[in-house]
Every structure is written in C-alpha cells, then in structure tokens.
1. Hey, which lysines would be in cross-link range of LYS56, C-alpha to C-alpha under 29 Å, not counting anything within fewer than 8 residues on its own chain?
2. Give me the 1.4 Å probe accessible area per residue for region 86-223, excluding ligands and nucleic acids, in Å².
3. Quick one: 3J(HN,Hα) in Hz for region 97-111, Karplus 6.51/-1.76/1.60 with θ = phi - 60°, rounded, Gly and Pro as x.
4. Compute the label zone of ALA11 within region 38-78: residues whose backbone N is under 13 Å from the point 7 Å along Cα-to-Cβ.
5. Quick check: residue separation of GLU231 and ALA4 times 0.36 nm, minus the Cα distance between them. What number comes out in nm?
6. Give the peptides 255-261, 31-37, 172-178 in descending order of average Cβ contacts within 10 Å, highest first.
7. Taking only C-alpha pairs under 8 Å that are 6+ residues apart, what is the relative contact order of region 1-279 in percent?
8. Under 1.5 on a/c is rounded, so check that first for region 1-127, then, if it is not, pick prolate when a/b is larger than b/c and oblate when it is not; a ≥ b ≥ c are the square roots of the alpha carbon gyration tensor eigenvalues.
Amino acid sequence: MRSAASRLAGADRAQLVVFEVEDTDLTFLTDLPPLHDLRVLYSAVKTVDAIAYHAKTLQTLELMLGWHPVTVQPLAQLHALRQLYLSRSGRPAVRDVPEALAHLRQLEHLILYGTKMPSLEDLASLPKLTGLALKVGSITSLDGLADLTALRFFEAWQVRGLSDLTPVAASPTLEVLYLESLRRAELPDFSTAVSLQHVKMDNLPLTAGLAGLAAAPRLRQVSITRRVFSEEEVAVLRGHPSLEAAFVPLRGRGLSDEDFQLGLRRPDEEPFTAYAAGVMGLPNLHEPTST
C-alpha cells in the first residue's frame with residue numbers, strides 16, 4: 001500500500017484498478033491519496049463504504065458487484081462523480097441503486113449492467129446526465145426518461161421485459177439511440193423526437209415496420225442489423241428530408257452493401273463510439289462528445 005500510495009500521489013490523474021481479488025476488503029482505500037478513477041472488477045466486494053473516502057475527487061467509478069449482497073447507498077456521497085459503470089454479475093442482491101443514484105448530481109454518463117430498476121424517475125434529479133445505458137438487467141418502465149433534461153444518448157441492450165419505447169420517442173433532447181436484442185420492443189411514433197439524429201438497432205423484431213422511426217423530423221442516419229426488409233418496408237425511409245446515411249439489409253438476390261445504403265452514404269460510427277455504445281466500457285472522460 002505504501003508503494004501504491006507513493007505512485008498515485010505523483011499522478012495528475014490517480015487511477016487504481018482492483019482486479020480478480022477473491023475476498024475484497026476495500027478499507028485499504030483510506031490509506032491512499034485522493035483518487036480520480038477507481039475500477040473494481042471481478043472481485044468479491046462485501047461493502048463499498050470506503051469508496052466514499054474519495055468523494056471529493058473521484059470522477060470515474062467502475063464497480064462490479066454480485067458475489068455478496070451489497071448496498072450501494074454509500075455511493076450517494078460521491079458528489080464529484082461524473083461517470084459510473086455499476087454492474088451486477090452474480091445472484092446476490094445489489095440494493096438501494098435508485099436511492100444512491102438520485103444524489104449524484106454531477107453524473108454525466110451512467111451504465112447499469114444486470115441491475116433492476118423500477119423506472120427512471122429517480123434519475124430526473126440529475127441535471128447533467130448526458131448518456132444512459134441499460135445493459136442486461138430488467139426494468140419495468142422507461143417512464144422518466146423524457147424528464148432527463150440533458151440526455152443526448154440512450155442505449156438499451158438485452159433488457160428483460162422492455163417493450164414500450166414510447167418514453168424514448170418523447171425525449172426532446174435525445175440525439176443518439178442504440179438498441180440491441182430487445183425481444184418484444186417495437187418502434188413508437190418518433191415525430192416528437194425533435195433532436196434524434198443517429199439510430200442504430202441490432203436484433204429487434206420490428207414487426208410493426210419503420211414508419212414510426214421515419215417520422216423523426218431530423219433523422220440523419222439509420223443502421224439496422226440482423227433483420228432483413230422488403231422494398232415496401234423501407235419505402236418510408238427513401239426520400240426522408242434529412243436522412244444522409246443508411247444501412248438497412250434488403251431481401252433479394254444479388255444485392256450489395258450499396259443497395260442496403262438506400263442510395264445514401266454508409267453511417268458513421270463516431271456518434272456511437274463517442275458514448276461507448278454497445279461495448280462494456282465508459283467513454284473517454286476527457287474527449288468531448290459531439291454529434
């Protein structure tokens with residue numbers, strides 16, 4: 001610990017990674033200088049109380065839980081936190097997630113993996129939340145999403161029970177949308193999604209077609225994979241007044257990627273990589289996100 005403390009004390013941005021420690025007692029954190037970035041991965045954490053010791057400086061926290069029952073209520077003290085990746089990978093409960101999140105008023109990017117949330121209404125108190133990703137886990141309702149006044153990016157990946165995406169379409173600020181492996185989700189009418197520009201979807205049923213998405217007034221690019229469409233189904237996208245790029249697989253023989261682009265250019269990945277969409281990680285805190 002003395003050696004680690006000496007090295008961290010001289011760092012402009014003190015980062016500590018705790019990886020694969022079978023019995024993790026985090027009280028050693030109180031013997032370290034102020035941390036800016038903490039990642040505790042694949043380790044058997046029983047309590048997170050000691051993390052609050054770095055409440056004044058900690059900006060990024062990646063915390064993997066699930067080996068033992070844990071309450072994350074102490075995280076409510078992290079008033080400087082800007083990024084949080086909270087993961088539950090085992091059966092034991094991770095308790096008090098909504099109650100803790102509601103106090104992180106500097107939070108800009110939140111990823112919840114394997115956690116249960118009744119809704120997003122507790123996040124409405126977060127004025128700076130720009131990016132939100134729900135991975136695996138379950139949620140009863142997306143109610144409250146449209147009340148996130150700074151939200152620009154939303155991701156839902158393998159979220160059990162998620163079928164109603166109407167709150168997503170109701171967001172007046174959302175610009176980038178990433179949806180993957182939602183077995184029951186259908187696209188609502190996006191005509192009121194006045195900021196939505198970039199959409200990427202993978203492995204969605206989309207039995208109701210693309211008309212709801214095509215209603216988005218400022219849509220710039222659409223990318224869809226693991227679903228094949230007929231020419232009739234994509235007709236609503238052809239001639240869209242603001243659409244610049246597309247990739248939509250079509251049914252038929254001898255078709256190429258150029259045909260799937262609907263006569264437009266291929267979509268850019270940058271709006272999605274800027275928010276670490278579809279990957280198990282946080283975006284770079286020191287690179288500005290732009291769409």
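1. Qualifying lysines at Cα under 29 Å: LYS46, LYS116, LYS128, LYS135.
2. Solvent-accessible surface per residue comes out at 36 Å².
3. Calculated HN-Hα couplings, in order: 5, x, 5, 6, 4, 4, 9, 8, 6, 9, 5, 10, 9, 10, 10 Hz.
4. Residues 38-40, 58-62 qualify, since their backbone N sits under 13 Å from the label point.
5. Working: separation 227, 0.36 × 227 = 81.72 nm, distance 6.09 nm.
Residue separation times 0.36 nm, minus the Cα-Cα distance, leaves 75.6 nm.
6. Working: 255-261: 12.4, 31-37: 16.9, 172-178: 21.1.
Result, highest mean first: 172-178, 31-37, 255-261.
7. Working: 699 pairs, mean separation 24.1, N = 279.
Answer for region 1-279 is 9 percent.
8. Here region 1-127 falls in the oblate category.
The values are calculated or read from the model by the stated rules, or taken from the named source; none is laboratory data. Everything numeric here is computed off the predicted structure, so don't read it as measured data. Backbone-built Cβ (ideal geometry, glycine too); neighbour counts: all protein chains shown. SASA here: full protein model, heavy atoms, side chains in, ligands and nucleic acids out. Shrake-Rupley method; radii C 1.70, N 1.55, O 1.52, S 1.80 Å.
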